[in-house]
Amino acid sequence: MQKANNQMAIENTLLEKTFHLSEQGTTVKREILAGLTTFVSMAYILFVNPSILGAAGMDKGAVFTATALSAILGSVLMAFLANYPIAVAPGLGDNAFFTFSVVLGMGISWQKAMAGVFIASVLFTILSFLKVREIVIDAIPKDLKLAMAAGIGIFIAFVGLQGGGLVVASKTSLVEIGSLAVPTTWLAIFGIIVIAILMAKKVPGSIFIGLVSTALLGLITGLIKMPANIISLAPSMKPTFGVGISYLPSVMDPQMWAVVLIFLLVAFFDTAGTLIGLAQQAGIIKDNKMPRIGQALMADSVSMLAGSVMGTTPTAAYVESSAGIAIGGKTGLTSLTVSILFVFSMFFSPLLTVVTNQVTAPALIVVGVLMASSLREIDWGKFEIAMPAFLTIVGMPLTYNISYGIAFGFLTYPILMFAAGRRKEVNYIMWILLFVFVLLLYVLNIVPKS
């Protein structure tokens, strides 16, 4: 008994030295509980990411393993480099852009698109090391950052509505409500209601619980086939590992320049905004400054680079980390706990066959709601801001392309600010980006496909 107590004391001392628990006013127990809460809140990505990337033609089993490993690496790096209670995993906005805008929209193969992700990841890491990310992020107006988050959220929700059968194509009006006579559509409706009720009650892990409940209902009713087994070794990453590197020559295609640029921009803003918001919630920001921000950005960059090699889209800091922070998570021990739980989750890949489009649809719709909440902070009272923000938001779902939405906003913002007599408020970088996006639209629409 004494030996066990001594061992526990040594472990607590080691954790104290590594994560400075007492300095942050927290305990080992609280941090582990926070990590468990965060993991349950974001575990849906293990099944949603393979579902979305699978629509692009990628092997779902390989993507499952790549998703888990990139989340493990990103969260471990965030724990030890930055000591932040923030978990990292492949972002929903990036995988949606990859599948629906690049592969299905532009007709680029997933192999070539993954080469674009790899190049963007390399540039992302270099820019993080040189601290260029902070400079560019500061130059982008807050309202456009908020509009990008909201637009991606609405786009993701639209994808979910389609996947769940609630919205279908129409020859007369482009889209219309799906048939309520289809049983699987009711499966998606059930999931939406369950998650919405749990979210309203502020139940930790609402999305994950809703996903599991929907899958169970599908199994009970026979709408989803029972998997052969539940536990097995993690699937091989051979179908996706290193594919991006082997297709690097394809990046010479002018269309791929646009792909690389958008991946770079989305990754730029995705993590930065989330990090700032979560750091504010955790009380990390002091005197309007975020300590160890460089280390946090580097952790994100390295995991993004590793993920592109393994075969998944860019990683990002997860807003679901707020669930763990809300119950007391303050240090990297929280994110380390998340990474350990992702290790155990790798043995449950057979459940991928249970997670159909109708099961993931409610998760996408609810995440869309959460991302669209940034709409309230946009300055709608000034037209020179409202117009670019609005075009950014509606451009994404209406063109079914995230890159077009971003382009619409970045093209109109400098021009309207100049017209409103506020040109001094526009950073020179925004003018540079205007010409960059003119080039982007040119290569997306005028340059012939190779």
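Remark: Phe390 matches the filter, which requires a residue to be touching a helix residue (DSSP H, G or I) at 6+ places or on another chain (Cβ under 8 Å), open to solvent by 70 Å² or more (accessible area, probe 1.4 Å) and in a helix (DSSP H, G or I). With respect to (1) at pLDDT below 90; (2) under 26 Å from the mean Cα position of the chain (by Cα), the lone exception for Thr214 is condition (1). Would region 129-147 turn up any residue that is part of a helix (DSSP H, G or I), closer than 25 Å to Thr67 by Cβ, in contact (Cβ under 8 Å) with a residue 12 or more places away in the chain and of a type outside the set (D, E, K, R)? No, region 129-147 has no match at all.
Among the residues of region 155-204, those that are open to solvent by 50 Å² or more (accessible area, probe 1.4 Å), in a helix (DSSP H, G or I) and not hydrophobic (A, V, I, L, M, F, W, C) comprise Gln162, Pro183. Residue count for region 309-348 satisfying the condition of being of a type in the set (D, E, K, R) and within 16 Å of the chain's Cα centre (by Cα): 1. Scanning region 301-348 for residues that are closer than 12 Å to Phe64 by Cα, touching a Phe, Trp or Tyr at 6+ places or on another chain (Cβ under 7 Å) and surrounded by fewer than 24 Cβ atoms within 10 Å (Cβ to Cβ) returns a single hit, Met310. Within the set Ser121, Ser109, Ser101, the sole residue that is surrounded by fewer than 23 Cβ atoms within 10 Å (Cβ to Cβ) and farther than 17 Å from Leu275 by Cβ turns out to be Ser109.
Set side by side, the residues Thr67, Thr38 differ, and just one is modelled with pLDDT under 85, assigned to a helix (DSSP H, G or I), touching a Ser or Thr at 6+ places or on another chain (Cβ under 7 Å) and open to solvent by less than 50 Å² (accessible area, probe 1.4 Å), which is Thr38. When region 210-225 is limited to residues that are among the hydrophobic types (A, V, I, L, M, F, W, C) and more than 13 Å from Leu351 (Cβ to Cβ), the one that is surrounded by the fewest Cβ atoms within 10 Å (Cβ to Cβ) turns out to be Ile220.
The values are calculated or read from the model by the stated rules, or taken from the named source; none is laboratory data. Predicted model only: the values in this text are computed from it and were never measured. All Cβ positions, even for glycine, are placed from backbone atoms using ideal geometry, and neighbour counts span all protein chains on display. Keep in mind that these areas ignore ligands, DNA and RNA; they rest on the heavy atoms of the full protein, side chains included. Shrake-Rupley method; radii C 1.70, N 1.55, O 1.52, S 1.80 Å.
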